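Please read the structure below before turning to the comments.
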Amino acid sequence: MHSGDPLASGDIGMWWQRGIEVFQRSWRTVGALMLVGVFIPSLVLGSTYSLTAEPMTATWDSGTLGISVVTNVVPSLLVGLIVGYLTAVAWSAALWAAVKESIGQRVSIGESFKYGFRRGLPLWGWGVLAYLTISVGLLLCVLPGLYFLVSFSLLAPVATFERENPYVRSFKLVNKSFGGAVGRLLLAWLAVVVFGCVVSFIAGLLIAAFATGMYGAGLAVVTIVVNAIVSLVMLLPAVWLVGVILVTYVWARGRSEPVTASGLAAESDA
């Protein structure tokens, strides 16, 4: 991996710079993919569910509890699975587009989604397994869950560009250089969390200001509108995170084998 490669990064400073360069180069394409693949489905499905779901009952009556599970838990699970699949498609499409554009090729939204749908299903399946693993780890003692969260952070680029088991491969890539990977990923997530906290705080103030005295459907509508605005603003760190995960993957993989942007582009077309 040579320093002239558009995705190559050495120290933490160059890694940060490469992530910004990916953002500057591909924010229009990646932003559109995230908007269509993640934001709009999440908004439509989430809003529909929040407006139609009935409050969960606190009673242990078997009949009432069974109805609550059917009318609340099952739809919520289905919404989560659908949004999760579309998110996997958007991530694969975004990573592919970012690599293509890093070597000067222009790709359309349609071409990107075509690739994303081809690689999104495996990523979604392995992502569900990684999510369950992380959840179990968090329930056991929190720290194992955080460890798994870091270890599976490269799941998306592995599933997108390689044909190996992403679950195992991401784990190996991260743990070969665990300290460097943790530092990079922690810095990336910290930036996203801080940005998200600021946006959420402002959103809370807006809801409090506009929804004072509202109840029921009125309050739900105001909340949905504000959350839609928040989600739209959060596209910015989401686009940046795609670039950061990509250059982190190139850095981690490049420590044990030659890897370039042009090489990744060729692998994705194989």
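The values are calculated or read from the model by the stated rules, or taken from the named source; none is laboratory data. Not measured: the values here are computed from a predicted model. Here the Cβ is made from the backbone with ideal geometry for all residues, glycine too, and neighbour counts use every protein chain on show. Only protein heavy atoms, including side chains, enter the accessible area calculation; ligands, DNA and RNA are left aside. Shrake-Rupley method; radii C 1.70, N 1.55, O 1.52, S 1.80 Å.
Could you tell me which of the residues Leu121, Leu173 is surrounded by 12 or more Cβ atoms within 10 Å (Cβ to Cβ) and under 16 Å from the mean Cα position of the chain (by Cα)?
Checking each option against the conditions leaves just Leu121.
Being crowded, with 18+ Cβ neighbours inside 10 Å, in a helix (DSSP H, G or I) and of a type outside the set (D, E, K, R) holds for only one residue in Leu205, Leu236, Leu186, Leu241, and it is Leu241. Against the criterion of being at pLDDT below 90, of a type outside the set (Gly, Ala, Ser) and assigned to a loop (DSSP other than H, G, I, E, B), Thr212 qualifies. Of all residues in the range 176-205, none that is closer than 13 Å to Leu241 by Cα has its Cβ atom under 6 Å from the Cβ atom of a residue that is among the charged types (D, E, K, R) and open to solvent by less than 70 Å² (accessible area, probe 1.4 Å), 6 or more apart or on another chain. When the residues of the range 127-154 are filtered to those that are of a type outside the set (Ser, Thr, Tyr) and under 18 Å from Val38 (Cα atoms), the one that is surrounded by the most Cβ atoms within 10 Å (Cβ to Cβ) is Gly127.
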